[in-house]
1. Taking only the alpha carbons of region 90-139, what extent do you get along each of the three principal axes, in Å, biggest first?
2. Need the full-extension length gain, Lys130 to Val244, defined as separation in residues times 0.36 nm minus the C-alpha distance. One decimal, nm.
3. With label points built 7 Å along Cα→Cβ from the Cα atoms of Glu336 and Asp268, find their separation and express it in nm.
4. Whole-Hz Karplus ³J(HN,Hα) for region 393-399, in order, using 6.51 cos²θ - 1.76 cosθ + 1.60 and θ = phi - 60°, x for Gly and Pro?
5. Over what distance in Å are the Cα centres of region 303-370 and region 142-198 separated?
6. Run the dipole for region 223-347 about the Cα centre, Lys and Arg Cβ at +1, Asp and Glu Cβ at -1, nothing else charged, and hand back the magnitude in debye, nearest 20.
7. Residues of region 18-39 with backbone nitrogen within less than 19 Å of a virtual label 7 Å along the Cα-to-Cβ line of Asp116, please, listed as ranges.
8. Please compute the per residue accessible area over the chain with all protein chains in place, 1.4 Å probe, rounded to a whole number of Å².
Amino acid sequence: MDTPLPLVERLRNHVRLAAACAFSAVAVLYAVLCSKLTVVDMSDGVCDYGGCPRGLDSLLWWTLLAGAAAGGLWWSVVKRRAYRSGIGWTMALAVGLVALGPGWLGFSWLRGPHMDLFSYQVPDGPGADKPLGSWAGHPDTGVVVRARADVVTGYNGEGRHGWSIPAPAGGAVCAMSGDTPSGIGLLTVTTAKSTCGNRLVAVDATSGKQLWTKDVPKLVGKPSAGGSLAVTATADAVLAHDLVTGGELWRSPLPAGAVAMEVAAAADRVLLMARTDAGVELFALGARTGAVAWRYPMPVGYESPRIASASPAAAVGAGRLLVFDEAGRVRAQSQEPYVPTTGETEWLVVGDVLYASVPEREKRELLAAFSLKDGRHLWTRAFEDDWRVRALAAGRAGRIAVVTEGAYHHLWHLDPRTGKPDGESTVLRGLRLGESFALHGRTFVNLDDDGSLPPIFDVAPTFGW
């Protein structure tokens, strides 16, 4: 008959057995999670090419440590015969199950925040017309609008189809304004198969109600909504209508031989970029009368100049940001880094700051911020070497939302004053994103001419593995 062990020794054996079960449970859990990350989540065959899921390397080390600790403890259990107590086994199994909770929390911390698909609209299918762009309705409603050449569709705050405006029979939607001040967006439409377009339409971005329609021959480029103005260019003039009522306010003829390239409207000014006999020039028009206040010959490089902001007045030419005073004099201009004017989704203007994706000596892309008041380069944010800046948006709490793409898509929220990230980036898992897309809050809008992609979808935090 075995002599009963002293109470202290029995307690020590129970602790050894419980610790062995706890470390074994964590080791098995981490081994399963490592297998899942390697087999399912890894985007490339090996981590050397940037396809290693975040946290996998640390998780491997913790798996080995937990396994080693479990092995040592089981050796001690067997040596001291600490496995002979039924009560000890009951306690040990309970402790092993409880240990899975902290083990899972440790895994979540190692891999960082993730988001996955929450809801989506079914793809448009083959033959769908090319998307033109997107708008966001009032922030309280969560409405997002996506325009195609054949239809403009509004989706409600839960990502469901809300309203639609079809193109006229035999015609098409040609262009849309880049913004929706006061919740009103502008469309240019053609009513027949001819050069776009000959009709200007104002739409309530939340309800889809067409507020007014004006037939305007020979519309050129995108319309612009700013302040109380709806501004568009034609082959021979710049026109301004009241944004709410549609009443024509003024018509400013283009200089002889000039061809309008781009217009931008604000409450106090309208800017026109036009190609003239002298080259490419920037014109400033008064918001009340349309009279030309000043004009400036833009520097031209490999890319066409582009308007950055109507108020403050700023434009980019030959890779430099030029900021103008009220008289049209260059108040300041940036020198470095080079500011490209291609890739419209890679520009964002919030307040008096321009955020742009800029190249770094042809090595990688950086996100840079420039003051639209004095042209100063405020900060530059570097990402990984092979990451691209794919989308920019005004984020929560005044932050700047940035989507980057490397082996995975990442969502960052940056401090607009410094460019520093607000915590760790969020990995966007398994999203079906095209080459061109827009971000509105947690809603993504695909803008590729690819009917197999969902036109719009929402993401939400991932709580599973």
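1. Dimensions of region 90-139 along the principal axes of its Cα atoms: 64, 28, 20 Å.
2. On the way: separation 114, 0.36 × 114 = 41.04 nm, distance 2.85 nm.
Contour length minus Cα-Cα distance gives 38.2 nm.
3. 3.4 nm
4. Along region 393-399, the couplings run 7, 6, x, 6, 6, x, 6 Hz.
5. A separation of 28 Å, based on Cα centres.
6. Numbers: 9 positive and 13 negative charges, 49 e Å.
With Lys and Arg at +1 and Asp and Glu at -1, about 240 debye.
7. Those under the cut-off are 29-39.
8. 48 Å²
The values are calculated or read from the model by the stated rules, or taken from the named source; none is laboratory data. A quick note: this is a predicted structure, and the numbers were derived from the prediction, not measured. FYI the Cβ positions are ideal-geometry reconstructions off the backbone, even for glycines, and counts take in every protein chain you see. Please note that ligands, DNA and RNA were not included when accessible areas were found on the heavy atoms of the full protein model with its side chains. Shrake-Rupley method; radii C 1.70, N 1.55, O 1.52, S 1.80 Å.
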